[in-house]
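Taking it in order: structure first as structure tokens, then the write-up.
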Amino acid sequence: MDIAWEKRVAEAWATVEEYDDRGEEFRKIIDALVEELPEGSAVAPFERACAFDSTGHSDRAVPLYREALERGLDGYRRRRTLIQLSSSLRNIGRPEEGVALLTPELDAPSDELDDAVRATLALCLAGLGREREGLALVLGALAPHLPRYQRSMGNYARELTER
């Protein structure tokens, strides 16, 4: 990926809050940047999906996230895609698909997105009426960040799912 292009995309995303709720202008900016990518790029549908998702169109983001994955999106963007696709699926009433996508990520190599995986999975579980499991995930993710009570919170998280 071109570093200058990545920088321009990051700069565009830094302005997303400056656009109206419909997000049409923002999506045009992302579309223009995406047009610079090579034919068949997996990043192109990913960026478009993010733009739709961030402007309240989860339904339009889902097929684009899937396309990005089908095109072989990998690394950090792949994991972001799984998180964001799961969230979008939950938003459109399909949380079970989000659970199926994110559950394997609990065993994936650790990175800075671990807590986002757990938080999004917790929301999907709650959407299925499995709030205790979701709360256990959130407590387990939160515990290491606490200045005290890490062990207690970790134990409470485990107890929620053992009952």
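Tyr76 fulfils the conditions (1) of a type outside the set (S, T, N, Q); (2) part of a loop (DSSP other than H, G, I, E, B); (3) out of contact with any helix residue (DSSP H, G or I) (no Cβ under 9 Å at 6 or more places or on another chain) except for a single criterion, (2). Checked against the criteria, Glu159 counts as in a helix (DSSP H, G or I) and over 21 Å from the mean Cα position of the chain (by Cα). Residues that are open to solvent by 60 Å² or more (accessible area, probe 1.4 Å) and closer than 22 Å to Ala119 by Cβ within region 74-91 comprise Tyr76, Arg78, Arg80, Arg90, Asn91, listed in sequence order. If you go through region 121-156 one residue at a time, how many are open to solvent by 30 Å² or more (accessible area, probe 1.4 Å) and either assigned to a loop (DSSP other than H, G, I, E, B) or under 16 Å from Arg79 (Cα atoms) (or both)? Final tally of qualifying residues: 7. Within region 59-117, being among the hydroxyl-bearing types (Ser, Thr, Tyr) and under 19 Å from Pro45 (Cα atoms) holds for Tyr65, Tyr76, Thr81, Ser86, Ser87, Ser88.
In region 35-73, the residue that is nearest to Ala12 (Cα to Cα) out of those that are assigned to a loop (DSSP other than H, G, I, E, B) and among the small types (Gly, Ala, Ser) is Gly56.
Against the criterion of being outside any helix (DSSP H, G or I), under 30 Å from Ala126 (Cβ atoms) and open to solvent by 20 Å² or more (accessible area, probe 1.4 Å), Arg22 qualifies.
Inside region 39-59, residues that are over 13 Å from Gly23 (Cα atoms) and either open to solvent by 20 Å² or more (accessible area, probe 1.4 Å) or in contact with a strand residue (DSSP E or B) (Cβ under 7 Å, 6 or more places away or on another chain) (or both) make up a count of 3.
Suppose we filter Arg66, Arg118, Arg71 for residues that are at pLDDT 95 or above, surrounded by 17 or more Cβ atoms within 10 Å (Cβ to Cβ) and charged (D, E, K, R); which single one remains? Answer to the selection: Arg118. Here Glu105 qualifies as open to solvent by less than 60 Å² (accessible area, probe 1.4 Å), at pLDDT 95 or above and not polar (S, T, N, Q).
The values are calculated or read from the model by the stated rules, or taken from the named source; none is laboratory data. What you see is a predicted model, and the numbers here were worked out from it, not measured in a lab. Heads up, the Cβs are rebuilt from the backbone with ideal geometry, glycines too, and the neighbour counts pull from every protein chain shown. To get the accessible areas, we keep the full protein, side chains included, count just its heavy atoms, and leave off ligands, DNA and RNA. Shrake-Rupley method; radii C 1.70, N 1.55, O 1.52, S 1.80 Å.
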